[in-house]
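Novice: Let me begin by handing over the structure; questions about it come next.
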């Protein structure tokens, strides 16, 4: 599928980008992978890993800059849109900047993909886009809607757009596991609420979901990976079994539980062995056999959230994962 193809990933120096580039190079041997981002230092550091590999290119640019995207997308076949302003408190205190990147940037990517004849574009979304209560989630919901509607907006062009949605990425920079690990020696771990639960997905699973979307999409689908949940108190116990847990209260814009499919989305959602697929409500695409394939319609009122999940990760399972992946936790 991606063999001998040209791929561009926006926000490519982030945790997902690092994993996507290495896994895609190994599995598909693409002709070229372009890392598009605005941080020259992160690009310089990442380039060291691929020194001498002519398949990997680096392109300084911002998704807010449509002209720069036009230049970067010349000859590109596939796009992964991973660039975002995603730290919840940062978005709350800098709302205009968040809108410029997450909404205006998404529109720029869509326009540039259509204009440059990109075949497929997949955007990374978040659980926070489902029934959003914070600005980050609201902007990502808008971005999801733009990518879905982009298939209609493309008109007679062949470019197709889809979205992948998942929750807490284990071990990624800024996430809870490396944070707990960085302070575990203090003997006290801050917990916002003892009832809190989170979905748990590895970066590798996130990459595989993007690959699946590229192979399966007709345009407008939102793919949701089936992944286990975990109580935040169990995450703390896995990292530091003897630490005291200090309850500090929920932060602004934070949810008790992550949600990836709402009851309102259930009407358009189909279940598959390893994932769910939310189909577009527009143009009757939700009843299109080519998009449904072998999916089974979820029941009315179905909600996929981290507290009602049938699959759970135990303390021992997370502890084993940490031991295996300790060398890279929080470093990419």
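The values are calculated or read from the model by the stated rules, or taken from the named source; none is laboratory data. Everything quoted here is computed from the prediction, not taken from an experiment. Cβ placement follows ideal geometry from the backbone for every residue including glycine, while neighbour counts extend to all protein chains displayed.
Novice: Hey, can you tell me all the residues within the range 74-90 that are within 17 Å of the chain's Cα centre (by Cα) and buried (at least 17 other Cβ atoms within 10 Å of the Cβ)?
Specialist: First pass over the range 74-90, keeping only residues within 17 Å of the chain's Cα centre (by Cα): 78-88.
Result: 78, 79, 80, 81, 82, 83, 84, 85, 86, 88.
Novice: Which residue is farthest from residue 237 (Cα to Cα), if the candidates are limited to the range 294-315 and must be in contact (Cβ under 8 Å) with a residue 40 or more places away in the chain and either exposed (fewer than 12 other Cβ atoms within 10 Å of the Cβ) or more than 24 Å from the chain's Cα centre (by Cα) (or both)?
Specialist: My answer is 311.
Novice: Working only within the range 236-273, note down all residues that are part of a helix (DSSP H, G or I), touching a residue at least 60 places away in the same chain (Cβ under 8 Å) and touching a strand residue (DSSP E or B) at 6+ places or on another chain (Cβ under 7 Å).
Specialist: 265
Novice: Would you point out which residue out of 273, 228, 241 is modelled with pLDDT of 95 or more, farther than 15 Å from residue 164 by Cα and either over 22 Å from the mean Cα position of the chain (by Cα) or surrounded by 15 or more Cβ atoms within 10 Å (Cβ to Cβ) (or both)?
Specialist: Working: 273 fails: either over 22 Å from the mean Cα position of the chain (by Cα) or surrounded by 15 or more Cβ atoms within 10 Å (Cβ to Cβ) (or both); 241 fails: modelled with pLDDT of 95 or more.
Within the list 273, 228, 241, the selection yields 228.
Novice: If you don't mind, another one. With respect to residue 4, determine if the residue is surrounded by fewer than 17 Cβ atoms within 10 Å (Cβ to Cβ), closer than 21 Å to residue 172 by Cβ and more than 19 Å from the chain's Cα centre (by Cα). Outline the logic, then answer.
Specialist: On the way: surrounded by fewer than 17 Cβ atoms within 10 Å (Cβ to Cβ): yes; closer than 21 Å to residue 172 by Cβ: no; more than 19 Å from the chain's Cα centre (by Cα): yes.
Against the criterion (surrounded by fewer than 17 Cβ atoms within 10 Å (Cβ to Cβ), closer than 21 Å to residue 172 by Cβ and more than 19 Å from the chain's Cα centre (by Cα)), residue 4 does not qualify.
Novice: Now for a different question. Kindly evaluate residue 11 against the criterion of being at pLDDT 95 or above, on the phi > 0 side of the Ramachandran plot and surrounded by 15 or more Cβ atoms within 10 Å (Cβ to Cβ). Walk me through it before giving the result.
Specialist: Values: at pLDDT 95 or above: yes; on the phi > 0 side of the Ramachandran plot: yes; surrounded by 15 or more Cβ atoms within 10 Å (Cβ to Cβ): yes.
Yes, satisfied.
Novice: Looking only at residues in the range 252-263 that are closer than 15 Å to residue 138 by Cβ and at pLDDT 95 or above, which one is farthest from the chain's Cα centre (by Cα)? First the steps, then the outcome.
Specialist: Filtering the range 252-263 for residues closer than 15 Å to residue 138 by Cβ gives 252-255, 259, 262.
If we keep only those that are at pLDDT 95 or above too, we end up with 259, 262.
Details: 259: 14, 262: 18 Å.
The qualifying residue farthest from the chain's Cα centre (by Cα) is 262.
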